[in-house]
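Enquirer: Handing you a structure now.
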Amino acid sequence: MADALANGPANEPSTPELTVTPETMPAPDTGEIVGPFTVTADGSSTIRATGVEVFTDPEGANPLADGDTVAPGAELWARIIGPDDPHAFVLDLAAQHLVGTVYLYDGSNPGRDEAQKLVLAQSAEMTSRAGAELIPYTAGSLEITKRIEGPGAGLQDEIAISVSCTDPAGALDQERTLSVPAGSTAGDHLLAVDGLPAESECTITETADGGNDRVRAAETVIDPATVTIAAGATQTATVTNTYVRCAEDGEDAVAPGGCLESLAATGGATATAVTTAGVLVLMGTVLLFGIRRRTA
């Protein structure tokens, strides 16, 4: 008794760590990949899944099979592959659990809602478990045709297109950014946006038209600018840029007035204005000198 009073209670035994963050995530029922899920653990665990496929990369190139090892600190991605419910994956970690540890049932065994509380009377190797569930939502897709036209086609910088979707339920609003590489040739270029919540209203805007000191977009047409996503279907839209060439040294401008707006961003327009002003001042000096000589 005296020893217990003098030394106080023993430290609470630590539980081997195993967590998956987040524990739930919305996922389209059309099978697009979502993530990442971050694994925090005191050691390597093994995975098993139901109704989902799990990957170690966002592109889905490296799938994990049941029983595969997952390292601590790993990031995982997943997609729904069937009607099984729940759509989830679970990690198991075998570790030494210390005497006095109390365990409560987590409800993760199919068909069993309750289980008895367990208090370890001695140290034992047991399995820690953690996982994540994908919550399916009805989805559709959007296909954008990026059309590049005009005498300046192929000289433009990278083009950026924004797709902003508002979910009527308010929980699954999405923002996607698409790009067309600099120098893309004249013609149609297809861009796909998948896994958009059904009934969402999506607005399409072009946030960078690719204009530079060689070309500018004389016209940009988005048709339609707003679409409503339908379940299991693909909506379409077209974004057209007509490019005209700017003036180069020794030639007339193809674009009326050249591309002074594009040059102004790099200081080109300012330099041109200063040079022109300098010529006018010089011309004025010469003319004034001539008048004075004639007066004399």
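The values are calculated or read from the model by the stated rules, or taken from the named source; none is laboratory data. All values reported here derive from a predicted model rather than from experimental measurement. Cβ: placed from backbone, ideal geometry, glycine included. Neighbour counts: every protein chain shown.
Enquirer: Quick test for you: out of Leu155, Leu142, Leu120, pick the one residue that is modelled with pLDDT of 90 or more, surrounded by 14 or more Cβ atoms within 10 Å (Cβ to Cβ) and over 30 Å from Asp85 (Cβ atoms).
Expert: Going through Leu155, Leu142, Leu120 in turn, the sole match is Leu155.
Enquirer: Any residue in the range 17-37 that's on the phi > 0 side of the Ramachandran plot and of a type outside the set (Ser, Thr, Tyr): show its pairings with residues that are part of a loop (DSSP other than H, G, I, E, B) and surrounded by fewer than 16 Cβ atoms within 10 Å (Cβ to Cβ) at Cβ separation under 8 Å, as long as the two are six or more apart or on different chains.
Expert: Gly31/Ile81; Gly35/Pro58
Enquirer: Then there is this: Quick check on Gly170: is it within 28 Å of Glu23 (Cβ to Cβ), assigned by TED's automatic domain parsing to the domain that holds Gln235, free of Cβ contacts under 8 Å to residues at least 40 places away in the same chain and not aliphatic (A, V, I, L, M)?
Expert: Yes, satisfied.
Enquirer: Taking Ala169 as meeting all but one of (1) more than 17 Å from the chain's Cα centre (by Cα); (2) buried (at least 18 other Cβ atoms within 10 Å of the Cβ); (3) more than 19 Å from Cys246 (Cβ to Cβ), write down the number of the exception.
Expert: In the conditions (1) more than 17 Å from the chain's Cα centre (by Cα); (2) buried (at least 18 other Cβ atoms within 10 Å of the Cβ); (3) more than 19 Å from Cys246 (Cβ to Cβ), Ala169 misses (2) alone.
Enquirer: While we're on this one: Touching a residue at least 40 places away in the same chain (Cβ under 8 Å) and assigned by TED's automatic domain parsing to the domain that holds Arg216: does that describe Ala153?
Expert: For Ala153, the condition - touching a residue at least 40 places away in the same chain (Cβ under 8 Å) and assigned by TED's automatic domain parsing to the domain that holds Arg216 - is met.
Enquirer: Quick test for you: out of Gly195, Gly250, Gly187, Gly268, pick the one residue that is in contact with a helix residue (DSSP H, G or I) (Cβ under 9 Å, 6 or more places away or on another chain) and either modelled with pLDDT under 95 or closer than 30 Å to Ala139 by Cβ (or both).
Expert: Gly268
Enquirer: Let me ask you something else. Within the range 30-69, can you find the residues that are closer than 18 Å to Ala95 by Cβ and assigned to a loop (DSSP other than H, G, I, E, B)?
Expert: Hits for the range 30-69 are Asp42, Gly43, Ser44, Gly67.
Enquirer: Which count do you get for residues in the range 212-229 that are assigned to a loop (DSSP other than H, G, I, E, B) and either hydrophobic (A, V, I, L, M, F, W, C) or buried (at least 22 other Cβ atoms within 10 Å of the Cβ) (or both)?
Expert: 2
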